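Here the structure comes first, spelled out in structure tokens, and everything after it is commentary.
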Amino acid sequence: MPNTFASTDPGDLFVIRNVGNLIPKCGSGGHSSADESEAAAIEFAILNLKVSDIVVCGHSDCGAMHALVHGRSRVQAPNLRAWLRHGEQALNKLTDTAAGLSRVNQLSRFNVLQQLEHLRSYPVVQERLAANQLKLHAWWFQLSTANVYAYEEAEEKFVLIDEVQAERILARMS
């Protein structure tokens, strides 16, 4: 529940949830390269709700990331198998070098960053980013500890959102 760990009231956040937190890349002519649901939600959030910050948030022990790590071809459900293709670019970045993270959790973090790249492929997102009217954020939720981490580009890593980090994030968002 994003409202719970973001300390917001119902209606304060516009939330898109799907298997694997995946966002299909935008195809030619500004149309989604897959199901239009996510693309429509992105456009609605930006154009109608005037959303100024988008957070892509993954989580530890994600079932979709487990499926990718163990091979998408093994997934029995045909629609799920097809959907998971939107996470394969992140899978290609998976290494064994992340200290303290399982392969699934490492992939989950890579996936959050990859989905931000997919978001950047949408013309409406590009326009708002160029006009400095939109900011993109990558967060990752550790289920076992209830800790939330934010990706810090300057440090090239996910950083625990403690009180100090939360103040930095809020300052950038305002």
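The values are calculated or read from the model by the stated rules, or taken from the named source; none is laboratory data. In this text, all values refer to a predicted model and were calculated from it rather than measured experimentally. Cβ: placed from backbone, ideal geometry, glycine included. Neighbour counts: every protein chain shown. These area figures cover heavy atoms from the full protein model, side chains too; ligands, DNA and RNA do not enter into them. Shrake-Rupley method; radii C 1.70, N 1.55, O 1.52, S 1.80 Å.
Look at the range 153-171: where a residue is within 13 Å of Ala138 (Cβ to Cβ) and a partner is of a type in the set (Asp, Glu), sitting 6+ places away or on another chain with Cβ atoms under 6 Å, you get Val159/Glu152. Within the range 40-65, the residues that satisfy the criterion of being part of a loop (DSSP other than H, G, I, E, B) and either under 25 Å from Gln142 (Cα atoms) or not polar (S, T, N, Q) (or both) are Leu49, Lys50, Val51, Ser60, Asp61, Cys62. If you check Leu22, Leu49, Leu94 for being out of contact with any strand residue (DSSP E or B) (no Cβ under 9 Å at 6 or more places or on another chain), open to solvent by less than 20 Å² (accessible area, probe 1.4 Å) and at negative phi, only one passes: Leu22. Which of the residues spanning the range 121-174 are among the basic types (Lys, Arg) and either over 20 Å from Ala45 (Cβ atoms) or surrounded by fewer than 13 Cβ atoms within 10 Å (Cβ to Cβ) (or both)? Correct list: Lys157, Arg168, Arg172.
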